[in-house]
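Read-outs: derived from the displayed coordinates by stated rules, not from any lab. Quick caveat, the model's predicted, so the values are computed rather than measured. We place every Cβ from the backbone using ideal geometry, glycine too, and count neighbours over all the protein chains shown.
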Amino acid sequence: MTKVNFDKSAIISKQCKTFDFGHNFKLLPTNDLIKELQTVIRDKNTYRSDFVFNADRLIRLIVEEGLNQLPYEPHQVITPTDEVYYGLKFIKGNCGVSIVRSGEAMEQGLRDCCRSIRIGKILVQSDEDTHEARVLYAKFPVDISERRVLLMYPIMSTGNTVVKAVKVLKDHGVKEHNIILLNLFCTPSAATLVTKAFPSMIVLTSEVHPVAPNHFGQKYFGTD
């Protein structure tokens, strides 16, 4: 029985990889570690403490790869042995924006990598029947139009919430190509909707699967 379920999962994953979401859609390379983290997060029997621990590990991997998508510039330093080392450094002008509430789970992972980064918030509510999204609250750095934005939202089922959030960012002057969406799980339909709506935006996720773990936010914050 276990073998059959595993094979079915593998077939679904293979089918999702055949979708073409454009060159700005980036799937984190899958390995056994990432698959284990995804499995623990999806398991309904996972204790909350284990859920949060493993979710934070996966979030950190996505955040690190998201930072890798930002622009760098050449930078040289002098080592303790007085040698010149030719390296790289961030080009300044980045910020994070979390889509409340589940996106807030990713804030600490971003701060762990960028201690002084500024983080804005946006609250989008979706109608349970029509899935129509509307913005209830938005607070961004005043100069967000001049920044590159790491938009944080762990679960994309329909993509409507992200579409609405990105439109609000663009209304505030943020250029589409300066937005990087950090996501953990998304469905093929959500990926299609978001990438077609914003082809210049980078979308980074760990998995494309027909069934998204929509319990993520409630489990992470202990409200399930």
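For helix 188-197, report the angle its Cα long axis makes with the longest principal axis of the Cα atoms of the chain; keep it between 0 and 90° and round to the nearest 10°.
40 degrees
To test your reading of the geometry: what angle, between 0 and 90 degrees and rounded to tens, separates the Cα axis of helix 48-68 from the longest principal axis of the chain?
Value to nearest ten degrees: 50.
Quick one: length gained pulling Ile91 to Asn214 fully straight, 0.36 nm per residue minus the C-alpha distance?
On the way: separation 123, 0.36 × 123 = 44.28 nm, distance 3.52 nm.
Length gained between Ile91 and Asn214: 40.8 nm.
If the cut-off is a Cα-Cα distance under 20 Å, which aspartates and glutamates reach Lys170, setting aside same-chain residues fewer than 8 apart in sequence?
Lys170 reaches Glu132, Asp143, Glu146.
Can you tell me how the stretch 2-221 classifies by the Cα gyration tensor, rounded, prolate or oblate, using a/c under 1.5 as the rounded cut? Don't skip to the end; give the middle numbers.
On the way: a/c = 1.66, a/b = 1.24, b/c = 1.34.
Oblate shape, in that a/c is at least 1.5 and b/c is the bigger or equal ratio.
Given a cut-off of 23 Å, name the pairs among Lys175/Lys219; Lys89/Lys164; Lys139/Lys175 whose C-alpha atoms lie farther apart than that in the structure shown.
Over 23 Å Cα-Cα: Lys175/Lys219; Lys89/Lys164.
Which of the peptides 100-111, 45-56, 168-179, 147-158 is most tightly packed, and how do the rest follow, going by the mean number of other Cβ atoms within 10 Å of each residue?
Working: 100-111: 20.1, 45-56: 14.8, 168-179: 16.9, 147-158: 23.2.
Put in order of decreasing packing, that is 147-158, 100-111, 168-179, 45-56.
Restricting to bridges with both residues inside the chain, how much of the DSSP beta-bridge set is antiparallel, in percent to the nearest 5? List each step's numbers first, then the result.
Details: 13 of 38 bridges.
Close to 35 percent.
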